[in-house]
Amino acid sequence: MNSRTFPKSIPWILGLSLLLLLSVVICVMTGSVSLPFHLTWKIILNHLPFLSFDPSWSSAQESIVWNLRLPRVFLALIVGAMLATSGVAFQGILRNPLADPYILGVSSGAAIGAASAILFFRSFSFFGQSALPLFAFAGGLISLAFVFFLSRQHGQFERETLILAGVVVQALLSAFLSLLIAVSGEQMQQIIFWMMGSLANSSWQNVLILLPYFLLGLAYLLLQSRELNVIALGERAATHLGINVERKKIAILMVGSLLATAAVSMVGIIAFVGLIIPHLMRLLVGPDHRILLPVSTLVGAIFLLWSDTMARTLLQSQEIPIGAITAFVGAPFFAYLLKSGLRRG
């Protein structure tokens, strides 16, 4: 970041970081068993090195905080951040505010990749849970390549054609997922899980599997933020400045796809996070990706954390799939963007 960008980004990053920290504590406190604010803090801090408190809580309360809620909270943060960051990458490199891993079929392709691994490779011991992101990545890349194949005309991607191609691929992948469910037998519940999206099976293992993907993907995209800014001005201008646009486009789309597909491999399909958050943040902080990327990452994490908290607390008798919560918010927003884009066109 240059000297002008860095001071401008500080208030946003500090404010959102404080909001994220407060959200973590409140969401860990919230559930079928409510926990006091000070007790929640003590249990969390007691697990940090060089800190210890005289236990004023029961083993059941500690298990609820550390083994059940905190892994779920951290997984929600990482997944939300990954999906929002992926959305920024897609929208920036394609110069399309409607581009998003879910709408372009990447998430559905990732779900098929992960579901296929569960269904066909469950008997191979070397295909553990840590390999699921790789299967999901392969499925997501294949679906993205198919979308590009359908939408490319005369070497260019028209916005409406790209979205329509995504809808076509989504329909095809949904049919394939239905076929997998029909032949899945005892794995049916796991495959349905990928279609609905849920953080109910969260664990520290899931968090540790996703964390390297998130950190490496975010670091790469932050390093490419200047190139994203130049490409956003036009591919011809970027080429004149010495940027290999096609190679850069492929690399950024692959990293964005890896972020989205790794998230899907752990929690299933969660729609519209990569569409809503980058678009709203672009309106608030502007198009500079050096600010837009970190801000969208933080807001995506906070958004999915509160969406998951709603999913597990709105109904007392059962949990709502988190994909339903995000779809209720995202589908009308997508319809508005599509309508306004067509009106301008």
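FYI, it's all coordinate maths here, none of it is from the lab. Since we're looking at a predicted model, the values are computed, not measured. Note that each Cβ is placed from the backbone with ideal geometry, even for glycine, and that neighbours are counted across all protein chains shown.
If the elastic network links every pair of Cα atoms under 10 Å, which of 201, 96, 229 fluctuates the most in the Gaussian network model of the chain? For the chain, modelled as a Gaussian network with Cα springs under 10 Å, the answer is 201. Applying the criteria of a DSSP loop state and at most 15 other Cβ atoms within 10 Å to the trypsin sites (Lys or Arg not before Pro) of region 39-102 yields 95. Rounded, prolate or oblate: pick one for region 138-271, where a ≥ b ≥ c are the square roots of the eigenvalues of its C-alpha gyration tensor, a/c under 1.5 means rounded, and failing that, prolate if a/b is larger than b/c, else oblate. Verdict is oblate for region 138-271.
Spacing of the modelled spin labels on residue 280 and residue 310, each 7 Å from Cα toward Cβ, amounts to 0.9 nm.
Mean Kyte-Doolittle of at least -1.0 and a Cα length of 30 Å or more along the axis: which whole DSSP H helices of the chain meet both? List each step's numbers first, then the result.
Values: long enough: 5-29 (36 Å, 1.94); 70-94 (36 Å, 1.72); 159-184 (37 Å, 1.82); 245-267 (33 Å, 1.29); 289-313 (36 Å, 0.90); 322-344 (33 Å, 0.94).
Length and hydropathy pass: 5-29, 70-94, 159-184, 245-267, 289-313, 322-344.
Label positions at residue 211 and residue 167, each projected 7 Å from the Cα along the C-beta direction, are separated by 4.2 nm.
For a quick check: sort 47, 289, 279, 38 by the number of other beta carbons within 10 angstrom, fewest at the front. Don't skip to the end; give the middle numbers.
On the way: 47 12, 289 27, 279 19, 38 9.
Arranged by neighbour count, lowest to highest, 47, 289, 279, 38 become 38, 47, 279, 289.
The Rg/Rh ratio for the chain is 0.98, where Rg is the radius of gyration of the alpha carbons and Rh is the Kirkwood radius. Distance between the 7 Å Cα→Cβ label points at residue 244 and residue 44: 4.5 nm.
With Cβ to Cβ distances under 11 Å as the rule, what net charge do the other residues near residue 27 carry (K, R +1; D, E -1)? Don't skip to the end; give the middle numbers.
Working: positive: 69, 72, 312; negative: 308.
Cβ neighbours under 11 Å give a net charge of +2.
Ignoring chymotrypsin sites (Phe, Trp or Tyr not before Pro) that are buried or in helix or strand per DSSP, and keeping those with at most 10 other beta carbon atoms within 10 Å, what is the longest stretch of the chain between them? Maximal segment without exposed cleavage sites: 127-345.
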